[in-house]
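In what follows, a single structure is set out as structure tokens and then discussed.
Any read-out appearing in this document is the output of simple, stated calculations on the displayed coordinates, not a laboratory observation. Since the structure is predicted, the reported quantities are computational estimates derived from the model, not experimental observations. Methodologically, a virtual Cβ is constructed for each residue, glycine included, from the backbone with ideal geometry; neighbour enumeration extends over all protein chains shown.
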Amino acid sequence: MRHFVFATLLWMIAAPLWAQNFATPARSAFVIDVSSGTVLLAKNTDAPLPPASMSKLMTLNMLFEALVDGRVSLSDTWRVSQRAQDMGGSSMYLDKRDRPTTEELIQGIIVQSGNDACVVVAEGLAGGEEEFAQLMTERARSVGMNNSTFGNASGWPHPLQKMSTHDLGTLAVRLITEFPQFYPYFSQKSFAFDGRVPDNHRNRNPLLALGIGADGLKTGHTNEAGYGLVGSAVQGKRRVVFVVSGLDSANLRATESERITNWALRQFIQKTIATPDDIITDAPVWMGEVTKVALVPATPIELLLPVVGSDKLNAIVEYHGPIQAPVSAGQELGRLVIKREGLTDQSFPLVAKDAVQSGGFMTRITTGAAKLKQQYWASEPDPAS
């Protein structure tokens, strides 16, 4: 028996071209709904750009991995080198006599954006900052961050220090989902190492104090990179992650980040469009006691949809058919593919609603006769020829 892939267009649903409806002055921007994986905004997302201190998120990723692997602990103390002490820019104000703990370094990097703390971590994990930067680049590639390279651990201007906003968004989602035990550090509003209270002891994330569900992650600024922010906010069951880069001022970074957060959380809603009780379509069955089987979703199908607006969304069923009996209830037989213009396709499993037993003797006779008849007519010459 030959099998064919069947694709059936089912319906069209309202769904606007979301990204085209939102304009941002950021040089590059990326917004994703974490629970559904739906990209809400994508502007110049694959361009490798100077990330400034936003690249400290990769340094933290490397440190979190070491913690999970048991290579270090939160209470371990770290050596501060002359190079770390001499680092300029944002600082934790470490000196060579200090022995900061891992936890203090995490807080110093997140809250104070300490370049010195990043050097301490790099030297402590890899022996040197250059070696650590190479490991950062290799690790980034292994987790799908293909437009990121690193020349240092801090985001200090360097020809190799580049990240795309898509990669920064990917990294943010990874930090949230893979390291939930450490993620609360990103919402910490203040930290002063060893009782020292420098000007930068407050977290620079402008969204943390606004009461809109923001709980991370990291700001960045250099003259070359402009002002940027990797942020996240959660309201109810929804979490969004966004990245903006290349803005002209800290004030614009704050207002644009708040505007994006409110838009992403307030203009979209998660809706259930089908449940396991809903028959999506029927698929033909070969040599069964019945000739077709109903296909239903394996689990409720939820989509992120706009509150208002309309455009076309296509739903297509794909399966290999005809389906050979016997069929078990709940057996996966196909996929429901949701296609939204300008957005990534989403695919959901479809299963048999009921079991289909193999047909008896008469079914085999009838099916065989039908197949012979089909072959006979296919071989008959055309009378008009």
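A few points about this structure:
- Cα-based reach from residue 339 at 15 Å (exclusive), listing aspartates and glutamates while leaving out same-chain residues under 8 positions away: 302, 311, 318
- Spin-label model distance (nm) - residue 35 vs residue 298, 7 Å beyond Cα toward Cβ: 2.1 nm
- Length gained when the stretch residue 339-residue 97 is fully extended (0.36 nm per residue, less Cα-Cα span): 81.2 nm
- Evaluating 6.51 cos²θ - 1.76 cosθ + 1.60 at θ = phi - 60° for every residue in region 214-219, the Karplus couplings come out as 5, 9, x, 10, 7, 8 Hz, glycine and proline recorded as x.
- Counting 0.36 nm for each residue step from residue 286 to residue 255 and taking away their Cα separation leaves a gain of 5.1 nm.
- Trypsin sites (Lys or Arg not before Pro) restricted to region 83-157 and DSSP loop, no more than 16 other C-beta within 10 Å: 96, 97
- Label separation (residue 73 vs residue 197): 3.3 nm, computed from points 7 Å beyond Cα along the C-beta direction.
- Partners for residue 96 among aspartates and glutamates (Cα-Cα distance below 19 Å; same-chain residues under 8 apart left out): 76, 86, 104, 116, 123, 129, 194
- Kirkwood Rh in Å, taken over region 45-266 so that all alpha-carbon pairs contribute: 17.2 Å
- Estimated at 0.36 nm per residue, the fully extended path between residue 131 and residue 328 surpasses their Cα-Cα distance by 65.4 nm.
- When only Cα pairs below 8 angstrom with a gap of at least 6 residues are kept, region 263-338 shows a relative contact order of 33 percent.
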